[in-house]
Amino acid sequence: TYNDFAVAIASPPGYYLRNDLFYYDATVGARPLGGQVDLGVSQQVWGNLLKFACMSDITILGGAYGAAIVLPVVLDASATGSIGIGATSVERQGGTSGIGDVFLPPFQLYWTQGNQHFAFTPGIVIPTGGYDKDRLLNTGRNYWSFDLAGSYTWLHPQRGHEISFTPGVLFNGRNSDTDYRTGNEFHLDWTVAQHFSESFAIGLTGYWYEQITGDSGQ
């Protein structure tokens, strides 16, 4: 995930359609994969996020109510890595594309107090993406997750200075294909930005992501 400009500020009531195209290049260290040990993998991904949102004029506990659904699509993903088998290793390559895991935040509340804005945005990760435990790359994780998250934004309306961050804890279910449960994960996404007008801003975004409980399973 990644943070956004004015992430905790509610939009006016209405329906919204947003599309984000992105490129991702990363490496991952040693990890378990299909009962073996993945000694490291390098991957490159072209992806697209299609988001449909609805903001209502309903208030709950003083906050504006909205809901959304996000459909991720992996346009092209490729990876190279090596698998440890006993004392030897085998080089592997893989590629994939297709629909990822749908993210559904059905209950979003937004509050405003002066230049400060707050949001409560829990969401459900639905395992709609493709998955095969023997593949090097998958478009889905093959288990349900619940993301208990909220956001904060401080935005000065005259100077255009902004600080936003989104902390959350991801509670993971069990992967039925591997009988394995990944531990729960904490994420903190942040943005620092300068707004030059209502339609143009420049910012820097980043994240802190850490697993906070142990894995379990076979």
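The values are calculated or read from the model by the stated rules, or taken from the named source; none is laboratory data. Quick caveat, the model's predicted, so the values are computed rather than measured. All Cβ positions, glycine included, derive from the backbone under ideal geometry; neighbour counts span all protein chains shown. Surface accessibility is based on the protein's heavy atoms, side chains included, excluding ligands, DNA and RNA. Shrake-Rupley method; radii C 1.70, N 1.55, O 1.52, S 1.80 Å.
Inside segment 142-176, residues that are open to solvent by less than 80 Å² (accessible area, probe 1.4 Å) and among the charged types (D, E, K, R) make up a count of 2.
Has segment 1-20 got any residue that is closer than 18 Å to Ala67 by Cβ, modelled with pLDDT under 90 and assigned to a loop (DSSP other than H, G, I, E, B)? Looking for residues that are closer than 18 Å to Ala67 by Cβ, modelled with pLDDT under 90 and assigned to a loop (DSSP other than H, G, I, E, B), one finds at least one in segment 1-20, hence yes. Here is the figure for segment 171-202: residues that are free of Cβ contacts under 8 Å to residues at least 12 places away in the same chain and in a strand (DSSP E or B) total 1.
Residues that are more than 19 Å from Gly130 (Cβ to Cβ) and either touching an Asp or Glu at 6+ places or on another chain (Cβ under 7 Å) or among the basic types (Lys, Arg) (or both) within segment 37-81 comprise just one, Lys51. Of the strands (runs of 3 or more DSSP E) entirely within segment 43-157, those holding at least 2 residues that are under 30 Å from Ala10 (Cβ atoms) and modelled with pLDDT of 95 or more occupy 63-85, 102-104, 108-113, 116-120, 123-126, 145-155. Is it the case that Thr205 is part of a strand (DSSP E or B) and either surrounded by fewer than 17 Cβ atoms within 10 Å (Cβ to Cβ) or under 13 Å from the mean Cα position of the chain (by Cα) (or both)? Yes. Just one of the listed residues (Ile99, Ile124) is open to solvent by 70 Å² or more (accessible area, probe 1.4 Å) and of a type in the set (A, V, I, L, M), namely Ile99.
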